[in-house]
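Please read the structure below before turning to the comments.
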Amino acid sequence: MTNPSDDSVHLRLPHWTRIVSLVIACGALISIAGSFTSYDLLRGFLDRYSGDGSADAYTPGVHDRITTFLLFTGVIGGLLAATVWWLPKSLWDRVEIRGRTRRTIEDWFAITSENALLLSLFFLCAVLFRIPFLNDPIRFDEAYTYLNYARPPVFIGLSTYHDPNNHVFNTLLIHLSTSLFGYDPWAIRLPAFLAGCLCMFFTYLVGVTFGNKSCGILAALIVCLSSALIEYSALGRGYTMVVLFTLLEIIVAGQILKSSFNSSSANSTGQDELKTPQIVPLNAKESSQGSDSPNGLEWPLMVVFSSLGLWTIPSMAYANAMVWTWLLITGVISEPQVGRRRFIICWMTGVASVALLTIALYSPIIATSGLKSLTGNDFVKPLTRDQFLKGIIPGIETTASLLLRDWNFVAWAVIVIGWVMAVVETILLTLHKKPLFPVPFACSVLSVALLLLVQHVIPPARTWLFLIPICALICGWGWSSTLDKIRSQSLKSKVSGVAFAALVATQIPFSTTSESIRQSDETGRCPDAERVVQRLLEMPISESQDAANFPIVTTTPISSPLVFHAQRSGLDEQHFAIPTQETIHYAIVLVSREHGQSPEAVLRSLGTNTPIDWSHEEQPNFTLIDQIGEVEIYQIDPPTLAE
């Protein structure tokens, strides 16, 4: 018999589908209308909002690509709106949107409410360890991101991709943050800071979901005290968001495995064989809705988290490869025969949906800058076979030095012992024919190795930050699974208490006093940029009515932090325009001693734009005006100019 309340829900559902259809149709009409906008109109609009008053990058060719894309999107949107409008009511009845959403919210609320105190404590600890670095001198990459992508109108950041510095989702959040709070360094870093603090929060939730509280506590402590994660939580980059989305994927994957196993068990005729799950990889209780309740919104959430991670940084593909491969292998191993086919279909649909949603999110960039800007830039170009093979060992060493930085002896002992325990437990599980951990994990690692082999690239060390909470969770699982074998509750509490206390008592002072974070050259460091700008303001060039006649020439890692502080201090940005043959002899050249730069090397870095004839016998001379920290300020003497 049909429940009356269910009928009322079903009767209202078509009303909502009509609204969704109308919204999609409106978007399609706007897209089609935009495809007929003239080049002169759009160019004039962009010129008004560009920093120098001229949007030179918006060429007729770019305009043609965008209008074609808008027309195509509008047609597809119209077809989708018509499909949603005319789909039969019976299909929407089967979807059970409200019931599925309610069950998903109830499951997540149950997990968080049971651990509310510890979660609050962990979030507070993460904030306390990261906030001292939040207002440190801005670094090159984050200053470059703000100046070129986050400071301009939002559509610029969402549609241009000159280089991988544009972590698009992070750029959008920085734009919102600086619009609300101003462009202080802490406001630029706020999105990454919050993501980094939430990583500890969700690491604990993953530990509780797949192990117990001991596993969650130890893993969360390791994430909290990780020097690399502390550093990137205080940088305006998107790497902590990748870590956060990876953890969210793992939590949702656990819920998928629980729900799919429960529903398959209920529908199976071989109940005797399914009384006890042999390889369900989490300590999850039966759903409050009963074992026959359908999945909630777990698969759509997996798609959203994976796509947002890729929209932040395309290198999220490595984390996605690990999590989705692990989910597939674990599901295939643990699923009863009756539910395996359905699970594989859901998995394949999810992967396809991630690809489509990611393409949709990147569509403004693809339309404006072309697909090659994402897949063919200098940072992702494949290496030759010899370069790739020679770079593997140095790449592993560089990654390990970053991820394992600043751990003291006691912390190392706790982590290594946890991993040894995890290996022993893995062997025991394998001997008992329960390949819960080794098979899926090995396949997930293999998927990343195959992806790297196909790409022939050696990603920078910071790409692998998402491995820190995964390794911490393995350590926590090793400790918790071993302690569970101790029958005496008091002895178990003492051992775990001593391990946690030793980690906290010895590592906290080490993490708070170490200078490795502030001395790190990750993403380009120029701590003296603000003082250099103040010195430039004292020089006569700052009083010039035509700033372009008195150029200031510099390069990485000084350039972007210098322009950032110049903007904040009122120094005209026209000083940083590329010098001409007429203005080069008035130039100020800034070099970084820390990076072994020279004035000649800085001028040569301008490439074909250098207005100096370096082949001439008479080379330009430079006079050292001042030195501020590691930055030297030179005045260029009248050089030999190119004819």
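The range 135-202: Rg/Rh from Cα coordinates, Kirkwood Rh? Provide the component values of the computation, followed by the final result.
On the way: Rg = 11.7 Å, Rh = 12.1 Å.
Result for the range 135-202 is an Rg/Rh of 0.97.
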Suppose all protein chains stay in the model; what accessible area per residue would a 1.4 Å probe give for the range 183-251, in Å²? 16 Å²
Once you put a point 7 Å from the Cα of ASP184 and another 7 Å from the Cα of THR349, both along the Cβ direction, what distance in nm separates them? 4.9 nm
Please give me, ordered by residue number, the trypsin sites (Lys or Arg not before Pro) of the range 409-505 that lie in loop per DSSP and have at most 12 other Cβ atoms within 10 Å. LYS433, LYS485, ARG487
Estimated vicinal HN-Hα couplings, Hz - the range 565-572 in sequence order (Karplus 6.51, -1.76, 1.60; Gly, Pro = x): 6, 5, 4, 5, 9, x, 7, 4
Given axes a ≥ b ≥ c from the Cα gyration tensor, I'd like to know whether the range 383-532 is rounded (a/c under 1.5), prolate (a/b larger than b/c) or oblate. oblate
Using the basic label-point model (7 angstrom from Cα toward the beta carbon), what is the HIS456 to SER598 distance in nanometres? 3.6 nm
Rounded to the nearest 0.05, FRET efficiency between ASP521 and PHE155 (Cβ-Cβ, R0 51 Å) equals 0.95
Spelling out what I want: for every residue of the range 239-251, take phi, set θ = phi - 60°, compute 6.51 cos²θ - 1.76 cosθ + 1.60 (Karplus), and round to whole Hz; glycine and proline get x. 5, 5, 5, 4, 4, 5, 5, 5, 5, 5, 4, 5, 4
Amide proton proximity set for ALA587, modelled H, under 5 Å, gap of 5+: ILE636
Determine ³J(HN,Hα), in whole Hz, for all residues of the range 595-600 in sequence, where each value follows from phi through the Karplus function 6.51 cos²θ - 1.76 cosθ + 1.60 and θ = phi - 60°; x replaces Gly and Pro. 9, x, 7, 10, x, 4
Using amide H atoms built 1.01 Å from N in the peptide plane, name the residues 5+ places from HIS595, or on other chains, whose amide H lies under 5 Å from its own. none
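The values are calculated or read from the model by the stated rules, or taken from the named source; none is laboratory data. Worth saying up front: this structure is predicted, and the values here are computed from it rather than measured. Every residue, glycine among them, receives a Cβ derived from its backbone with ideal geometry; neighbour counts consider all protein chains shown. Remember, those area values only see protein heavy atoms, side chains included, never the ligands or the DNA or RNA. Shrake-Rupley method; radii C 1.70, N 1.55, O 1.52, S 1.80 Å.
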